[in-house]
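Notes follow once the structure below has been shown.
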Amino acid sequence: MLDFQATIGPAHILKPAYGSDLLKELGDFVRAKGINLAWLSGVGAVSQATIRYYDQPKQEWIDLVLDRRLEVAGMLGNVSLLNGEPIVHVHITLCDEEGHCFGGHLGNDTLVFNMEILLTTLTGPAVTRKMDPQTGLTLWY
Amino acid sequence: MLDFQATIGPAHILKPAYGSDLLKELGDFVRAKGINLAWLSGVGAVSQATIRYYDQPKQEWIDLVLDRRLEVAGMLGNVSLLNGEPIVHVHITLCDEEGHCFGGHLGNDTLVFNMEILLTTLTGPAVTRKMDPQTGLTLWY
Amino acid sequence: MLDFQATIGPAHILKPAYGSDLLKELGDFVRAKGINLAWLSGVGAVSQATIRYYDQPKQEWIDLVLDRRLEVAGMLGNVSLLNGEPIVHVHITLCDEEGHCFGGHLGNDTLVFNMEILLTTLTGPAVTRKMDPQTGLTLWY
């Protein structure tokens, strides 16, 4: 088990603008603030979403575009470093009007209706991603 | 992006009583303790649930009553102020005996079988809700 | 409402090894580190999973084995004490290639493809489980 010990720093309570791209907003925020290590948690609703499933044997992403208005039952993720820049990695659970859930890796073009997010900064050793041939993903090492 | 910086304060590890109304218990707790700003995370099980979906174009809530015993795969939410009083906003993901998930905004009459909750208090500027005409919801501003 | 007040201590950013048993890795970690009280949050993907649903009236667990590669939309849980030893309690939400979600109590033989976990240690009174006859579960008291 890879283990990075970190101190829990200040938190940011965030509300991205109505209509904005959720993932892009988070990326812009952490780059602007120089936040290299953080944990994210959020709830809300979106007016459309892209969720991604990783085909593990093929090492390919499958994008699922949901052109629907959906509740966000939960989002969780983190900020770490890739090529010296902070990168946001978020997974999300969405729900439709019948309560049915859809989830996966958060993609671009997920548009905010309202999101309420806690970003907790962490202070500790650099947590960095690099390409991992075994999975085909950029993972912590 | 609206950004309130906050310090992470003491936490409360909470177990609402068997058979109690989950949302009401949380609301009563934060009002009794004078907690105006917090983040919530939890898991457990309920003996019935109400989840709510917000119809964004109609600006109307749709309530879905699940008169079933369900696992709580996760709940996330927060405490902020509305009309000078703390208000609890929680989203939840529920699962049935086949593992299928149902989720949305947590409503009243969701009855605790067992819930294990972390409520992390936050200290910072007041985070307050008011009616937002664009969405029809009481949102942070 | 049972309320244990705790201080939020150092955090561990964890990545269990590829192919390892997610729940076993977490249990081994907290026992090795002597962590008796903590909160967990994570995202990632698994190559197979076991999720458990508790039949509340029968007081019996139903295990659902998912021999599929799945995204982990979210996992949440905690560490507390049972019989003087730390025990990890985790719930998880999984998603397939169509985005459909499956969730419940995390069981053994859930194999890590990649998991990114924040374990936040908590310092406070001992939080201990014992058998609760009303539910048939080992709950906080």
Q | Theoretical FRET efficiency, 1/(1+(r/R0)^6), r = Cβ-Cβ of residue A:32 and residue B:48, R0 56 Å, to 0.05 | A | 0.80
Q.
Using a probe radius of 1.4 Å on heavy atoms only, what accessible surface per residue do you get for chain C? Whole Å² is fine.
A. 37
Q: Kindly rank A:8-19, C:84-95 from highest to lowest mean number of other beta carbons found within 10 Å of each residue.
A: C:84-95, A:8-19
Q: Report ³J(HN,Hα) in whole Hz for each residue of region B:56-65, in order, from the Karplus equation J = 6.51 cos²θ - 1.76 cosθ + 1.60 where θ = phi - 60°; Gly and Pro get x.
A: 5, x, 7, 6, 9, 7, 10, 9, 10, 8
Q. Name the trypsin sites (Lys or Arg not before Pro) in region C:1-86 that are in a loop by DSSP and that have at most 16 other C-beta atoms within 10 Å, would you?
A. C:58, C:68
Q: Return the sequence-ordered ³J(HN,Hα) values of region B:45-50 in whole Hz as given by the Karplus equation 6.51 cos²θ - 1.76 cosθ + 1.60 applied to θ = phi - 60°, using x for Gly and Pro.
A: 8, 10, 9, 6, 8, 10
**Q.** Amide H partners (placed H, <5 Å) of residue C:104, local residues excluded
**A.** C:92
**Q.** Cα-based Kirkwood hydrodynamic radius, the protein assembly as shown, one decimal, Å
**A.** 21.0
Q: Would you grab the residues whose amide H sits under 5 Å from the one on residue C:20? Only those 5+ places off in sequence or on another chain, please, with H modelled 1.01 Å from N.
A: C:112
Q) Hey, which residue of B has the C-beta nearest the axis mapping B onto A, and what's the distance in Å? A) B:101, 2
(Q) Could you identify which residue out of C:119, C:82, C:37 has the top mean-square fluctuation in a GNM of chain C using Cα springs shorter than 10 Å? (A) C:82
Q: Rounded to the nearest 500, what is the 222 nm mean residue ellipticity of chain B from helices alone, with -39500 (n - 2.57) per DSSP H run of 4+ residues and division by all residues?
A: -2500 deg cm²/dmol
Q) Cα-Cα pairs above 18 Å in region A:2-141: how many percent? A) 56
Q: Please list, or write none, the aspartates and glutamates whose alpha carbon is within less than 16 Å of the alpha carbon of residue A:15, excluding same-chain residues fewer than 8 places away.
A: A:25, A:28, A:71, A:116, B:3, B:132
Q. For region B:54-121, what number results from the quotient of the Cα radius of gyration and 2.2 N^0.38 Å?
A. 1.25
**Q.** Peptide-level mean, for A:120-133, of C-beta atoms on other protein chains within 10 Å
**A.** 2
Q.
Quick check: pseudo-label points 7 Å beyond the Cα along Cα→Cβ at residue B:109 and residue B:67, how many nm apart are they?
A. 0.9
Q | Convex hull of Cα atoms in region B:1-77, direction-averaged projection (nm²) | A | 7.3
Q) Whose amide H sits under 5 Å from the amide H of residue C:82, counting only residues 5 or more places off or on another chain, with H placed in the peptide plane? A) C:87, C:129
Q) Between copies, how far does the label point of residue B:20 sit from its twins, in nm, shortest first, when each point is 7 Å from Cα along Cα→Cβ? A) 3.7, 3.7
**Q.** Rounded FRET efficiency, nearest 0.05, which uses the C-beta distance separating residue A:60 from residue A:17 and R0 of 35 Å
**A.** 0.60
Q) Measuring from a point 7 Å out along Cα→Cβ, what nm distances, shortest first, does residue C:133 have to its partners in the other copies? A) 6.1, 6.1
(Q) As a test question: what accessible area, to the nearest 10 Å², does residue B:20 have when a 1.4 Å probe is rolled over all protein chains in place? (A) 20
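The values are calculated or read from the model by the stated rules, or taken from the named source; none is laboratory data. Because the structure is predicted, anything quoted here is derived from the model rather than measured. So basically every Cβ, Gly included, is an ideal-geometry build from the backbone, and we count neighbours across all protein chains shown. Accessible surface is based on the protein model in full, side chains and every heavy atom, while ligands, DNA and RNA are left aside. Shrake-Rupley method; radii C 1.70, N 1.55, O 1.52, S 1.80 Å.
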